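Inspection log for the structure reproduced underneath, given as structure tokens.
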Amino acid sequence: MSAETQAAQGQDEHVLRVFRRAFRTWRGQRPFWAGLFTMIGGLPIAYLPYADLRLGNITIAMATTAGAGSLIIGVLLVTLGLTMWFQSAVRVFAGIAAIVLALISIPVANIGGFLLGFLCALLGGALSVSWAPGTAQAAAGQDAEAEPVPRAATAPDPALQEQYGKAAPAPVPTEAAVPAPRADEHHPNVTETTAHADGGRNSAG
């Protein structure tokens, strides 16, 4: 294999990778699967009334008197699917219209294209109504930055580390400490003692 052939293959892979990323971005900005299911549902509804089933020498025609109605419903479903792709702003209206056409196709278009078109169109319409554009990642990043940063723990006192020979616990913040009694306050259950200068003895007051 020559070097030119390897370079050409590498270039093709690169192009395919870029196309895949661009398609993924385009698909994420619109109700892609809703439009796809809606268009798939319109095909059997429009085609089956005009199809012929051949069994050996016998030809079975599935055409009905409502063949024109089936064709119109199928074409409208395909159009609504394309609208979901390229005009995502009207996705709710397109989804509701797809659901209504799917229900109408049951009595008109051979039980909704033998239930194949009916189920696909119904699913596509429901997906289109429930789809919503995603939020930008930048907004999520700003919300994360706005969260308050927890306050770092207070560093231990070096004098306590030297006294105990190991890291002492961090001191309790001033606002959380228990207030000490004032000097002029006397607890009612504590007795006072006075010292006499002559005998040096203490007496309870």
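The values are calculated or read from the model by the stated rules, or taken from the named source; none is laboratory data. This structure is a prediction, so every number in the text was calculated from the model and none was measured. Here Cβ is always computed from backbone atoms with ideal geometry, including for glycine, and neighbour counts include all displayed protein chains. For the accessible areas, the whole protein counts, side chains as well, though only heavy atoms, and no ligand, DNA or RNA atoms are used. Shrake-Rupley method; radii C 1.70, N 1.55, O 1.52, S 1.80 Å.
Arg27 passes every criterion in (1) at pLDDT 75 or above; (2) touching a strand residue (DSSP E or B) at 6+ places or on another chain (Cβ under 8 Å) apart from (2). Looking only at residues in the stretch 30-55 that are at pLDDT 90 or above and in a loop (DSSP other than H, G, I, E, B), the one that is least open to solvent (accessible area, probe 1.4 Å) is Pro31.
State yes or no: is Thr79 at pLDDT below 90 and either among the hydrophobic types (A, V, I, L, M, F, W, C) or open to solvent by 30 Å² or more (accessible area, probe 1.4 Å) (or both)? Judged against the criteria, Thr79 is not a match.
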